[in-house]
Amino acid sequence: MIVKENEKQLSFLFQEKDSYFELGYLILKQAKLAGMLPYKRTQQSGKEKLCFKTGEVERLSDILPQLQEDEIIDVLYAVVFMTKRVEENGFMKKECIWCRYEQIYFDRESHMPLFAVLPITQEFRYADGTDWLNGFEECLCRIAEYLSEKKKQRIKQLIALYKAKQTDAEEVLEEINHLGNGMSGLLVDSVEEILLEKPNRLELIYAGKEGTFRFIVEDKDFTIGREMDSNGVLQVSMKVSRRHCLITKLNRSYFVQDLDSTNGTYVNDTRIPSYELMELEHNDVLCVGDVEFRVQVIG
């Protein structure tokens, strides 16, 4: 991966193919992470390239000397919280966050640090050979340099425990919050909004001569087909394959994927190519073979 930076953008040129890049990119697009730099996807010499816009924001390293101690603690909290938020979808890893101190930015309006987040599944090392966890440690310690000596040492102890897997992100966040007067300003609103998101679920409503049935999809993958070990067992039509399609939840959105069925899977009369993901939205019509469902997103 080749990383370049100028006054307007931070770009990443991927040298190798990653079979999960497309799925990771789709998840990244849907995630809409509050602490993520805006980006665009291009190609260069047939290789994937992501360009993160930095022209309208300032470097965190330039801003830190101007912040009050509680505001710096808020920044530390936001950095750790970002790692927790990224991993919540179950696919992306915290290593997706480009956690280099010199390449973290700051949005004065939201009062939050901003990161490049990459749609990758493999772990990587930075150009200087540093692995992600050591880069994460360096980042937190350099931010903590602007705190009083006692608080700075406590941050170093916390990250050492985190690296040794003797504590987790939840406990680190709690400890950091106790070092200040609670999160201040707009940051607390942004984080609380995420924490208070209500869980959602998807319902598939089938109405036929056999009656009306509701299939509830929550967090687990949901297979529709005629196989007896599938979640949704449809015996009303021979045009439904044994394993016809799969519904899966990524972040707070639901996607359907046709499993190379004989008669196809349709969303609003559009046939989905086999194994491609199509997002399901409220009131969509999902057709499995010749069986029709009304999609309801609850919550």
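The values are calculated or read from the model by the stated rules, or taken from the named source; none is laboratory data. It should be emphasised that the depicted structure is a prediction, and the values quoted were computed from it without experimental measurement. Here the Cβ positions follow ideal geometry from the backbone for every residue, glycine too, while neighbour counts run over all protein chains shown. Just so you know, the surface numbers come from the protein's heavy atoms only, side chains and all, with ligands and any DNA or RNA stripped out. Shrake-Rupley method; radii C 1.70, N 1.55, O 1.52, S 1.80 Å.
Residues being of a type outside the set (A, V, I, L, M, F, W, C) and under 12 Å from PHE115 (Cβ atoms): count how many of those fall in the range 72-89. Of the residues in that region, 2 qualify. Selection of the range 38-52 for residues being surrounded by fewer than 14 Cβ atoms within 10 Å (Cβ to Cβ), within 18 Å of the chain's Cα centre (by Cα) and not in a loop (DSSP other than H, G, I, E, B) yields LYS40, ARG41.
Residue under question is LYS94, and the condition is that it be among the basic types (Lys, Arg) and in contact with a helix residue (DSSP H, G or I) (Cβ under 7 Å, 6 or more places away or on another chain); does it hold? Considered against the rule, which asks whether it is among the basic types (Lys, Arg) and in contact with a helix residue (DSSP H, G or I) (Cβ under 7 Å, 6 or more places away or on another chain), LYS94 comes out as yes. Residues of the range 260-299 that are in contact (Cβ under 8 Å) with a residue 40 or more places away in the chain and under 14 Å from SER241 (Cβ atoms): VAL288, GLY289, ASP290, VAL291. For the range 82-103, check the following and say yes or no: at least one residue is under 24 Å from SER148 (Cα atoms) and touching a residue at least 60 places away in the same chain (Cβ under 8 Å). The answer is no, given that none of the residues of the range 82-103 is under 24 Å from SER148 (Cα atoms) and touching a residue at least 60 places away in the same chain (Cβ under 8 Å).
Taken over the range 286-299, the residue count meeting the criterion of being within 27 Å of the chain's Cα centre (by Cα) and either of a type in the set (Lys, Arg) or over 16 Å from GLU218 (Cα atoms) (or both) is 1.
Annotation note: Cβ proximity below 6 Å between a residue of the range 31-59 that is farther than 19 Å from PRO113 by Cβ and a residue that is of a type in the set (Ser, Thr, Tyr) and surrounded by 15 or more Cβ atoms within 10 Å (Cβ to Cβ) (sequence gap 6+ or interchain) occurs for CYS51/SER11.
Scanning the range 59-99 for residues that are under 14 Å from LEU140 (Cβ atoms), modelled with pLDDT of 90 or more, surrounded by fewer than 22 Cβ atoms within 10 Å (Cβ to Cβ) and not aliphatic (A, V, I, L, M) turns up just one, SER61. For the range 244-274, the set of residues classified as touching a Lys or Arg at 6+ places or on another chain (Cβ under 9 Å), closer than 17 Å to PHE293 by Cβ and not hydroxyl-bearing (Ser, Thr, Tyr) consists of HIS244, LYS249, PHE255, ASP258, LEU259, ASN263, GLY264, listed by residue number.
Report, by residue number, each residue of the range 271-295 that is in a loop (DSSP other than H, G, I, E, B), surrounded by 15 or more Cβ atoms within 10 Å (Cβ to Cβ) and modelled with pLDDT of 90 or more. Passing the criteria: ILE272, ASP284.
Remark: VAL75 falls outside the filter, which requires a residue to be among the β-branched types (Val, Ile, Thr) and not in a helix (DSSP H, G or I). Any residue in the range 131-151 that is within 30 Å of ILE2 (Cβ to Cβ), under 27 Å from the mean Cα position of the chain (by Cα) and modelled with pLDDT under 85? Yes, there is a match, as at least one residue in the range 131-151 is within 30 Å of ILE2 (Cβ to Cβ), under 27 Å from the mean Cα position of the chain (by Cα) and modelled with pLDDT under 85. All conditions but one from (1) open to solvent by less than 70 Å² (accessible area, probe 1.4 Å); (2) aliphatic (A, V, I, L, M); (3) modelled with pLDDT under 85; (4) within 23 Å of ARG85 (Cβ to Cβ) apply to LEU195; the one that does not is (1).
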